[in-house]
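Just so you know, all these numbers are worked out from the coordinates, no wet-lab data involved. Not measured: the values here are computed from a predicted model. Reconstructed Cβ throughout: ideal geometry from the backbone, glycine too, with neighbour counts over all protein chains shown.
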Amino acid sequence: MALGNLRRYDVQAKYAFVLVIASLGPGLVALWSTWKRFDFELGRIKYSSQSWFVPGFFSCLLLSMILAALGFTLGWNSAGQRRNDRSGRSWIAFFVGGGVLTFDIVLLIAFFMLRLRPAG
């Protein structure tokens with residue numbers, strides 16, 4: 001199967017939509033892992049220094065941000081073009097990609113504000 005020519009706007013719309021939908025998965029995994037380690041009594045995110053939580057959390061956020069940024073950019077580039085017969089997908093990718101990027105940044109800031117540094 002051919003990948004398609006990325007100079008065509010309808011192909012950009014298709015890839016933008018797929019990338020943005022794929023960016024939702026790692027972002028939700030990062031949210032779920034943070035939610036599981038949140039201590040409601042302390043109001044903090046607790047984790048051990050020997051655990052794989054922090055590398056996994058940052059990898060999920062980075063992957064989600066990269067996929068969302070690529071989808072956002074392709075959607076922005078192809079939205080509103082006359083030769084794009086899938087303009088709706090471009091607009092969906094543009095807005096959902098921007099939303100996922102915003103969500104990832106807010107989750108990253110919340111992690112740094114609410115983390116409880118491990119003792120060891």
Exercise. Among 96, 29, 20, which one shows the biggest mean-square fluctuation in a GNM of the chain, springs joining Cα atoms closer than 10 Å?
Worked result: 29
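When a footprinting reagent is the concern and you count Cβ atoms within 10 Å, what order do 36, 14 take, fewest first? Walk me through the numbers before you get to the answer.
Details: 36 9, 14 18.
In increasing order of surrounding Cβ atoms, one gets 36, 14.
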Problem set entry | For the chain, built as a Gaussian network whose Cα springs stay under 10 Å, the top-fluctuating residue of 63, 107, 42 | 42
For this session: May I ask you to derive the FRET efficiency for residue 114 and residue 48 from their Cβ-Cβ distance with R0 = 22 Å, giving the value to the nearest 0.05?
Result: 0.85
For this session: Grab the DSSP H runs of the chain that are 4 residues or longer, score each as -39,500 (n - 2.57), total them, divide by all residues and round the 222 nm result to the nearest 500 deg cm²/dmol.
Result: -24500 deg cm²/dmol
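In debye, nearest 20, what is the charge dipole magnitude of region 1-62 about its Cα centre with +1 on Lys and Arg Cβ and -1 on Asp and Glu Cβ, if you could check?
Around 140 debye, computed over region 1-62.
Once you charge only the Cβ atoms, +1 for Lys and Arg and -1 for Asp and Glu, what is the size of the charge dipole of the chain about its Cα centre, to the nearest 20 debye?
Values: 13 positive and 5 negative charges, 44 e Å.
In total the dipole reaches around 220 debye.
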Exercise. So for the pair residue 40, residue 59, with labels modelled 7 Å out along Cα→Cβ, what separation do we get in nm?
Worked result: 3.1
